[in-house]
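The values are calculated or read from the model by the stated rules, or taken from the named source; none is laboratory data. Remember, predicted model here, so these are calculated numbers, not experimental data. We place every Cβ from the backbone using ideal geometry, glycine too, and count neighbours over all the protein chains shown.
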Amino acid sequence: MKRAVGDLALFGGRSAFLQPVYVGRPHHIDRARLFDRMNWALDNQWLTNGGPLALEFEDRVAEIAGVRSCVSTCNATTGLQLLFHAAEVTGEVIMPSLTFAATAHAARWIGLEPVFVDVDPLTGGVDPDEVAARIGHDTGAIVGVHLWGRPCAVDELEKLAAEHGLPLFFDAAHAIGCSHAGRPVGGFGTAEVFSFHATKVVNGFEGGAIVSDDDELLRRVRALHNFGIGLPEGHPAGGTNGKMSEASAAMALTSLDSFPAAVRHNHDNFAFYRAELADLPGITVVPHEPGEAHNYQYVVVLVDEERTGIGRDLLMRVLRAENAMAKPYFSPACHELEPYRSRRSVRLPHSERLAARALALPTGSVVSREDIRRICNVIRLAVTHGHEVSARRQKGAGA
């Protein structure tokens, strides 16, 4: 077991974990069932191009999302790009800056211009008033993000989109199995996109899915994700290869089988974190809306340095020195990243503040109750001595 170094040595002690615990490690699945599906696909000799497993996965995702149509894709980034093309979006796409870079890159990569707006300081979801202020002649679409699986201001954004005749897409990468106003995420706006990356609560190694009740839109998406085949009217972009393979579908189906158990474990982890950190000043576990379904795949805390005496980044380094591999979600915000920072400099104070404070803690089926107790003990120790450490660092800088 290693010792902390540098600033971390001020806290003393040895690593609390023999093995590292991470954010976003795959959940436990039934490997025998996965291998049965893989062997079936090999015996069937249909490995991609809309195979039976991919179609079965689409049906199951559509049922969870409460929609008529679903198209599985190789990943969620490609899913967003397919939506932009299928809806013939041009010009600017308004979106929150507090999101993973893939949301912006998906637009930028195909020649669209992301226009970043600020978020609600309490929820982290895109602020509809900020969106309304940025709609102009060049606006081609609006993209909302269900940050950490928490649905954003769906109703207000749908109203805005309808008033201006704009397509409204939701990046629902984190939000499979979540709900808003009792309705499952998936049926809001024009269409929504799920991610089934290996870090997600349902994973297909890599994978994504587009869901909607707009059958015509998804007809075009299905053609475009297979080189435009089956689209007799053609498309200016031609088409691409965005299909989900049978191997990914086998994994995604098997992961879906264990989804209820994963959600229960995630919920228990979330509740235990909240209980353990409830009385710790300056550390806030981001809550979820009471009465709504949630997958609890992220446990995010906000670190208030003024109250703790220790900043988010130093706390993260302390945790990592103890083999608790916490991660910032998402920092810096997209408007502070290249190529966007140089192209269109803006100040988005709420996004910047949340990006500097948010920290995702390890959870998932591989993280135990004892792991969480140890993580919270490290946080408690760091915060308890935070002001002392800050004073020592300032004294050292002054010298």
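Pick out the one residue from LEU83, LEU53 that is surrounded by 24 or more Cβ atoms within 10 Å (Cβ to Cβ), touching a helix residue (DSSP H, G or I) at 6+ places or on another chain (Cβ under 9 Å) and closer than 27 Å to ASP120 by Cβ.
Exactly one residue qualifies, and that residue is LEU83.
Looking only at the stretch 56-68, filter to residues that are in contact with a Ser or Thr (Cβ under 7 Å, 6 or more places away or on another chain) and in a helix (DSSP H, G or I); which one of those is surrounded by the fewest Cβ atoms within 10 Å (Cβ to Cβ)?
ALA62
Which residue out of GLU206, GLU216 is modelled with pLDDT of 95 or more and over 20 Å from the mean Cα position of the chain (by Cα)?
GLU216
Checking ILE110 against (1) within 24 Å of the chain's Cα centre (by Cα); (2) modelled with pLDDT under 95, which test does it fail?
Failing condition for ILE110: (2).
If LEU361 passes every condition in (1) at pLDDT below 95; (2) touching a helix residue (DSSP H, G or I) at 6+ places or on another chain (Cβ under 9 Å); (3) among the hydrophobic types (A, V, I, L, M, F, W, C) but one, which one does it miss?
So the condition that LEU361 fails would be (1).
For the stretch 330-356, how many residues meet the condition of being crowded, with 23+ Cβ neighbours inside 10 Å and not hydrophobic (A, V, I, L, M, F, W, C)?
2
Could you tell me whether the stretch 223-237 includes any residue that is in contact with a His (Cβ under 6 Å, 6 or more places away or on another chain) and under 30 Å from VAL346 (Cα atoms)?
The answer is no, given that none of the residues of the stretch 223-237 is in contact with a His (Cβ under 6 Å, 6 or more places away or on another chain) and under 30 Å from VAL346 (Cα atoms).
Quickly run through the stretch 116-147 and pick out the residues that are surrounded by fewer than 23 Cβ atoms within 10 Å (Cβ to Cβ) and part of a helix (DSSP H, G or I).
PRO128, ASP129, GLU130, ALA132, ALA133, ARG134
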